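Written below as structure tokens is the structure these notes are about.
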There are 2 protein chains.
Amino acid sequence: MADDLSLKQRSILQFLEEFIADHDYPPSIRDIQNGCDISSTSVVDYNLKRLEEKGYIRRDREVSRAIELLNGQGERRRRTIAVPLLGKIAAGRPIPTPPDTLSAGGYEDTIELTEEQTGGRSNVFALRVEGNSMIDALINDGDIVVLEQTDTCDDGEMVAVWLKGENETTLKKFFREGERVRLQPMNATMSPIYTAADNVAVQGRVVTAIRSL
Amino acid sequence: MADDLSLKQRSILQFLEEFIADHDYPPSIRDIQNGCDISSTSVVDYNLKRLEEKGYIRRDREVSRAIELLNGQGERRRRTIAVPLLGKIAAGRPIPTPPDTLSAGGYEDTIELTEEQTGGRSNVFALRVEGNSMIDALINDGDIVVLEQTDTCDDGEMVAVWLKGENETTLKKFFREGERVRLQPMNATMSPIYTAADNVAVQGRVVTAIRSL
DNA sequence: GCTCGCACGGCACATATGTTCTGTTCGGAA
DNA sequence: TTCCGAACAGAACATATGTGCCGTGCGAGC
């Protein structure tokens, strides 16, 4: 952890964590004073200044409770993104709606992901996988896949594509082969789909998979 | 979404989201007033009261910036837990330290997970998987497994166990067979380990696996 | 038209809260 | 010892901020 902090500073930092976890808003200087048994507000202020210098927090002057926790390297932390869960998908079955749904509000559910998990990307959505047709990609029934919205991709990437003619969306590995496209299921027992390049529209690229046991 | 809200209330709610995302602390009433082009603080207060009645926010009286976003059903939202990343593990290689490390602060890194992902459990830790010795459990090199700390488990559960004699920790499926224990690797090409029941100490049960692509 | 409640405007007020100033204590360097 | 800066105490101060009060416009219902 951090060894460049005094006991009091460590105690303040821990109190900050707990207080924010409890209230979802930061404590005032006097809250910290009471919570850490500190004798004076100026001592709190003094140590907060040190913590800010060392990159553990950020403060806005003149603003009450304006303390933001950083990760010790001066970077922001604890932030989640509500990722829309657009529906279920099996390799072959459609997503409920061709997802222009994103910008609208036409999804029922969201899951919270951290920036770590989305890689800081903003155009992400999630799908719940049904069936075990993607077993070779280590994705099982019930898993959630997180996709980055895109309309292009490289060969071999795992993408959700919309088949215009069939009007359905499916999760496959994408390979361009001249004028046509090979969509490879991630299950050795299933055969690839071949279709004209202009029949497919890439919807998103898989960036993360999450499984609960 | 919500259709029981006035335009102004919706605007306030959205401003709250953006402000908190920007600053990590909630806005004051006057911040909202400016941000939403509202003419008076009392109008903001009035609408905040309505929002609180309808379960979209929670407020602490007399406390500045004490606005907590709820999910519309009166439940809290957006909360992450810093889960300690204790080290790397391969089916067979040890965790750096036999994890009493947990309560101390002897880990280098943490990952942020949402309560959704930890299932609300508090005693969780994470390990990064090395090698593909757990491929049959759909866990690959580089994946992160999240474990719930426990010292008991049922047959067939995927657990981290500490082998006292060998002084190493490994990730296996656990089967009790009379006086001995079978530790089954999750790779068909690898053989199970048989050892005395009192030689194994269960460290944790796998609850989630996360893969980034 | 009249009443009444809802949403709003304006403003003063009380207090919650960050800041600052003056000292004090204490340990190490000179 | 003396000097000096880090850390702390205590209190006053300035302002940031929530709250309450009084009034207005307006549409619904009678």
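The values are calculated or read from the model by the stated rules, or taken from the named source; none is laboratory data. Owing to the predicted nature of the structure, the values given are computational and were not obtained by experimental measurement. Methodologically, a virtual Cβ is constructed for each residue, glycine included, from the backbone with ideal geometry; neighbour enumeration extends over all protein chains shown.
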- Query: Cβ-Cβ below 6 Å, separation at least six or inter-chain, first residue in the range A:16-36 and at the interface with chain B (Cβ under 10 Å from one of its Cβ atoms), second small (Gly, Ala, Ser): which pairs?
  - Reply: A:Tyr25/B:Ala66
- For the range B:118-148, enumerate the residues that are more than 13 Å from every other protein chain (Cβ to nearest Cβ) and either modelled with pLDDT of 90 or more or on the phi > 0 side of the Ramachandran plot (or both). B:Gly131
- Query: Within the range A:173-196, is even one residue under 30 Å from B:Glu115 (Cα atoms), among the charged types (D, E, K, R) and crowded, with 16+ Cβ neighbours inside 10 Å?
  - Reply: no
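Residue under question is A:Thr208, and the condition is that it be in a strand (DSSP E or B), in contact with a Pro (Cβ under 6 Å, 6 or more places away or on another chain) and crowded, with 21+ Cβ neighbours inside 10 Å; does it hold?
Taking the combined requirement at face value, the residue does not satisfy it.
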